[in-house]
1. Looking at (1) more than 22 Å from the chain's Cα centre (by Cα); (2) modelled with pLDDT of 95 or more; (3) within 14 Å of the ligand (Cβ to nearest atom), can you tell me which one residue 78 breaks?
2. Is there a residue being away from the ligand (no atom under 16 Å from the Cβ), under 21 Å from residue 142 (Cα atoms), buried (at least 18 other Cβ atoms within 10 Å of the Cβ) and outside the structural domain of residue 204 (by TED's automatic domain parsing) anywhere in segment 312-324?
3. Could you please let me know if residue 384 is within 20 Å of residue 78 (Cα to Cα), assigned to a helix (DSSP H, G or I) and not hydroxyl-bearing (Ser, Thr, Tyr)?
4. Quick check on residue 362: is it closer than 24 Å to residue 126 by Cα and either more than 14 Å from the chain's Cα centre (by Cα) or assigned to a helix (DSSP H, G or I) (or both)?
5. Take residue 323 and decide whether it is under 25 Å from residue 416 (Cα atoms) and hydroxyl-bearing (Ser, Thr, Tyr).
6. Restrict the check to segment 344-359 and report whether at least one residue is in contact (Cβ under 8 Å) with a residue 40 or more places away in the chain, more than 25 Å from residue 74 (Cβ to Cβ) and surrounded by 21 or more Cβ atoms within 10 Å (Cβ to Cβ).
7. Could you look through segment 360-382, keep only residues that are polar (S, T, N, Q) and either crowded, with 24+ Cβ neighbours inside 10 Å or farther than 22 Å from residue 326 by Cβ (or both), and pick out the one that is nearest to the ligand (Cβ to nearest atom)?
8. Looking at residue 22 and the list (1) within 14 Å of the ligand (Cβ to nearest atom); (2) surrounded by 24 or more Cβ atoms within 10 Å (Cβ to Cβ); (3) part of a helix (DSSP H, G or I), which single condition is not satisfied?
Amino acid sequence: MSEGYIKIIGAGLAGCEAAWQAARLGVKVLLYEMKPKKFSPAHHSENFAELVCSNSLRSNQTSNAVGLLKEELRALGSLIMEAAYATEVPAGSALAVNREDFSKYITEKIKSHPNITVIEQEVEELDLSSDTVTVVAAGPLCSEALSKSISNITGGDELHFFDAAAPIVDFATVNTNIAFFASRYGKGDPKDYLNCPMTKEEYDRFYNALISAEVATLKEFDKNSQEGLTVFEGCMPVEVMATRGYDTLRFGPMKPVGLPLPTTGEDAFATVQLRRENREGTMYNIVGFQTHLTFGAQKEVFRLIPGLENAEFFRYGVMHRNTYLNSPKILTPEYSMREHPGIFFAGQITGVEGYVESTSSGYVAGINAARRHLGKDSVIFPKETEIGALAHYVSEGGVSKDFQPMNANFGIIAPLGRKVKGGKKYRNEAYAERALEIIKAYAIENV
Ligand SMILES: Cc1cc2nc3c(=O)[nH]c(=O)nc-3n(C[C@H](O)[C@H](O)[C@H](O)COP(=O)(O)OP(=O)(O)OC[C@H]3O[C@@H](n4cnc5c(N)ncnc54)[C@H](O)[C@@H]3O)c2cc1C
């Protein structure tokens with residue numbers, strides 16, 4: 001028999017959203033938070049939903065995928081969005097907040113909700129013997145004891161501790177007059193790879209820009225992280241590899257052999273390969289280009305690759321400490337475990353990336369955990385919405401066997417199935433219109 005409450009572990013963005021939604025559905029919540037007794041290396045405030053780095057929740061425009069996700073969450077009654085708009089500071093077309101006021105607003109709301117009881121305690125173990133519905137929202141810096149317990153349940157290889165991801169490009173922005181489809185030595189489906197060939201002059205220009213580009217600062221705890229360092233060596237950033245010698249990249253990720261140019265049949269001086277990231281072929285990742293360059297430098301340097309001169313990036317490359325599950329093997333689109341349906345995960349630990357994305361998984365996990373507790377059917381948002389597209393991406397993965405965290409973008413949303421005139425902005429607006437209609441219908445049904 002299930003007890004009279006559900007448990008939520010972690011009062012970050014995802015945990016607070018999940019707790020609020022469950023409480024709103026009339027379910028009693030025990031919310032466990034290890035602060036202020038114990039802090040992760042990036043958390044410093046005693047308040048909940050702490051923004052550990054930037055104070056920006058990124059774009060506010062619905063023609064931008066994260067802007068659309070925010071609007072969906074707002075329409076669905078998200079507490080985090082309510083707090084963000086209540087504590088907004090001017091930031092042009094982005095939504096930025098006063099971080100102290102933001103966290104304080106959420107903490108007060110959570111602490112004063114009659115259905116929520118906060119317990120200041122680190123949860124060290126995930127208890128499978130109990131029937132209590134549980135949401136794990138312990139974040140990218142989940143405590144060591146709980147990480148170990150999760151790892152024991154999921155199997156050691158299914159919990160990652162470092163995110164070394166290559167940038168992902170919007171296929172619609174690749175210049176296919178230059179980039180060509182082909183698998184190396186003609187093996188496999190040619191559509192799996194796009195190739196951007198370079199002459200020696202193009203390589204020189206790219207190489208010199210790469211080795212002098214601006215690198216993002218490594219956080220102290222990333223430098224010290226044992227797990228981090230191990231993967232760091234095995235997954236060398238492309239700019240570090242370049243400093244090992246002029247030809248190192250040409251014998252590594254930019255190897256041209258087996259990829260003859262369709263025009264001459266000769267190999268190029270160097271070739272950058274992009275691998276298909278999803279079944280629809282809307283997203284391609286730049287193979288071997290995990291990087292620690294700043295986002296601005298990535299845009300500038302990677303656009304020097306022939307064929308990518310106008311490329312738009314769905315996701316930039318990142319390298320940082322990040323605890324996340326191999327979710328396509330483990331989770332469903334309601335963010336519950338396939339093998340233990342009463343255990344949900346929410347936030348960055350599911351493989352969504354970013355503040356708003358973490359909030360969105362907290363929303364879905366929160367309402368479904370409450371519904372599971374109440375014996376009701378689950379709610380699965382469709383791929384036509386950004387909130388649903390993220391949940392499906394996380395639970396299904398792309399075509400690559402290595403699951404990498406994903407932020408909100410239009411590459412994962414269900415295609416429109418029709419052409420929209422006027423360019424990308426109009427196409428994105430059509431996505432947004434379709435998504436918000438679906439969300440509105442859901443919100444009306446469920447108030
Ligand atoms: C250094 C760093 C910088 C980042 N910068 C950005 C950025 O600028 N923009 C952006 O969009 N995203 C950024 N991210 C990603 C960011 O972490 C997430 O977007 C977001 O904070 C994740 O929300 P969450 O709820 O999953 O985790 P968090 O917000 O981290 O919340 C997890 C909570 O769980 C608690 N906890 C952990 N373990 C336990 C336990 N065992 N028992 C009880 N409580 C526990 C923690 O104390 C914390 O309060 C950054 C991440 C890191 C690590």
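The values are calculated or read from the model by the stated rules, or taken from the named source; none is laboratory data. Because the structure is predicted, anything quoted here is derived from the model rather than measured. Don't worry about glycine lacking a Cβ; one is built from the backbone with ideal geometry, like all the others, and counts go over all protein chains shown.
1. Just one mismatch for residue 78, condition (1).
2. Filtering segment 312-324 for residues away from the ligand (no atom under 16 Å from the Cβ) gives 312.
Filter again for under 21 Å from residue 142 (Cα atoms), leaving none.
For segment 312-324, residues away from the ligand (no atom under 16 Å from the Cβ), under 21 Å from residue 142 (Cα atoms), buried (at least 18 other Cβ atoms within 10 Å of the Cβ) and outside the structural domain of residue 204 (by TED's automatic domain parsing): absent.
3. Values: within 20 Å of residue 78 (Cα to Cα): yes; assigned to a helix (DSSP H, G or I): no; not hydroxyl-bearing (Ser, Thr, Tyr): yes.
No: the conditions fail for residue 384.
4. Working: closer than 24 Å to residue 126 by Cα: yes; either more than 14 Å from the chain's Cα centre (by Cα) or assigned to a helix (DSSP H, G or I) (or both): yes.
Considered against the rule, which asks whether it is closer than 24 Å to residue 126 by Cα and either more than 14 Å from the chain's Cα centre (by Cα) or assigned to a helix (DSSP H, G or I) (or both), residue 362 comes out as yes.
5. Here the answer is no, as residue 323 does not meet what is asked.
6. Initial filter on segment 344-359 (in contact (Cβ under 8 Å) with a residue 40 or more places away in the chain): 344-359.
Filter once more, so that each one left must be more than 25 Å from residue 74 (Cβ to Cβ): none.
Looking for residues that are in contact (Cβ under 8 Å) with a residue 40 or more places away in the chain, more than 25 Å from residue 74 (Cβ to Cβ) and surrounded by 21 or more Cβ atoms within 10 Å (Cβ to Cβ), one finds none in segment 344-359, hence no.
7. Taking segment 360-382 first, the residues polar (S, T, N, Q) are 360-361, 368, 378.
Filter once more, keeping what is either crowded, with 24+ Cβ neighbours inside 10 Å or farther than 22 Å from residue 326 by Cβ (or both): 360-361, 368.
Details: 360: 11, 361: 8, 368: 16 Å.
Result: 361.
8. (1)
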